[in-house]
Amino acid sequence: MLIRVLYHDHCFDGAASAAFFSRFIAGAVHPGAEFRYTGMAHRASQNFDPALFDGDENAIVDFKYCNNPRLTWWFDHHQSAFLTPEDAEDFRRDTSGRKLYDASYKSCTSFIAAVACERWGFRAPDLEDLVRWSIVIDGAQYQDARAAVELGSPAMKLTLVIEASKGSDIVHRVIGWMQRRTLAEIVAEPEIQALYAPLYQRHLESIDIIRGRAEQADGVVYFDLAGYEMEGYNKFIPYYLFPKSIYTVSVSPSSFRTKISVGSNPWSPEEPRHNLASICERYGGGGHARVGAISFEPGQLEKARKVAAEIVEELKT
Ligand SMILES: [Mn+2]
């Protein structure tokens with residue numbers, strides 16, 4: 001029995017969701033199953049290649065729904081969960097009980113853990129720490145911006161490696177380790193240590209780069225990272241640098257997309273009034289109420305800058 005798991009790549013909650021889901025399936029549904037992982041990234045031209053669904057069972061976790069009859073499991077908690085009305089309709093018609101959606105969960109990992117326990121009686125007490133950290137990281141539940149940027153805990157160090165490493169190989173190994181080992185043990189792996197040291201250096205540089213490029217007006221921080229190949233920057237840096245800001249809008253080009261990120265300050269003195277997923281959906285993107293993103297084709301820097309400027313104006317009001 002081969003289980004294909006499509007997960008949100010370069011995201012702590014995406015990796016933790018894939019890990020928890022695998023433990024759940026092996027523990028409660030298909031003992032002895034073999035798991036293969038495919039990291040998914042948001043792109044401008046989004047569609048699922050049918051060849052992705054090559055398992056006896058095929059799952060998507062922490063990523064958009066796909067209207068493909070070979071999809072047998074789906075767990076997501078993003079406000080923007082459907083690419084098309086047909087996808088949403090297909091989901092509504094599902095009677096398998098294995099396609100599950102709840103945007104009230106702060107992390108997809110905690111959603112999978114709750115459903116696995118309630119409906120299948122599956123528990124994994126040794127993964128409680130993993131679940132707890134998925135909520136902290138995906139739900140931005142840090143005490144302050146300093147805790148989010150200074151990377152004191154093993155979970156934060158691992159997040160840096162997951163978010164900033166190139167390719168999916170290391171994330172796949174992390175998904176394997178997350179099923180059986182503590183976060184501290186994973187971070188102590190020589191392979192993770194070797195990746196972490198230069199990425200941490202880059203993280204420190206990125207704070208200076210953002211400091212040099214960011215401007216703040218009326219509570220909105222804006223910067224673009226054209227020329228820096230720095231898409232995986234820590235999204236709390238702007239609030240570390242501008243503690244009184246409410247929103248951040250950034251443009252970051254990479255090889256496979258030009259990305260606009262829109263975020264809100266979790267420690268803002270003022271409660272954000274805009275739903276960022278809804279704003280991003282208007283431009284073909286999506287996300288959560290407090291953080292969203294839009295992907296344009298590679299090379300569409302000017303278009304992305306124009307849209308970003310519109311969003312900055314909207315958020316200032
Ligand atoms: Mn998530």
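Just so it is clear, none of the values below were taken in a lab; they were calculated from the coordinates. These numbers were taken from a predicted model, which means no experiment stands behind them. Reconstructed Cβ throughout: ideal geometry from the backbone, glycine too, with neighbour counts over all protein chains shown.
Observations on the model:
- Positive end of the dipole of region 214-316 (Cβ unit charges, origin at the Cα centre): among TYR228, ALA293, ALA308, the Cα lying farthest that way belongs to ALA293.
- Amide hydrogen neighbours beyond the local backbone of GLN179, cut-off 5 Å, H modeled: none
- Principal axis extents of the Cα atoms in the chain, from largest to smallest and rounded to whole angstrom, are 55, 45, 35.
- Global geometry of region 69-120, whether rounded, prolate or oblate, following the gyration tensor of its Cα atoms and the 1.5 cut on a/c: oblate
- Cα-derived Rg over Rh, computed across region 2-187 with Rh taken as Kirkwood radius: 0.95
- Using distinct alpha-carbon pairs, which all enter the 1/r mean, Kirkwood radius of region 84-241 in Å: 18.1
- More than 16 Å apart - percent of Cα-Cα pairs taken over region 193-285: 58
- Stokes-Einstein D for region 1-107, Kirkwood Rh over Cα pairs, 10 °C, 1.306 mPa s (µm²/s): 114
- The 3J(HN,Hα) values that the Karplus relation (6.51, -1.76, 1.60; θ = phi - 60°) gives for region 308-317 are, in residue order, 4, 5, 5, 5, 4, 4, 4, 6, 6, 7 Hz. Gly and Pro appear as x.
- Above-threshold pairs, the threshold being 22 Å between Cα atoms, out of LYS235/LYS316; LYS99/LYS259; LYS99/LYS166: LYS99/LYS259; LYS99/LYS166
- Taken as Cα centroids, region 166-185 and region 251-292 sit 27 Å apart, rounded to the nearest whole angstrom.
- Cα-based Rg of region 254-306 normalised by 2.2 N^0.38 Å, two decimals: 1.23
- Neighbour counting of Cβ atoms within 10 Å sorts the residues THR95, THR159, THR109, THR182, fewest neighbours leading, into THR95, THR182, THR159, THR109.
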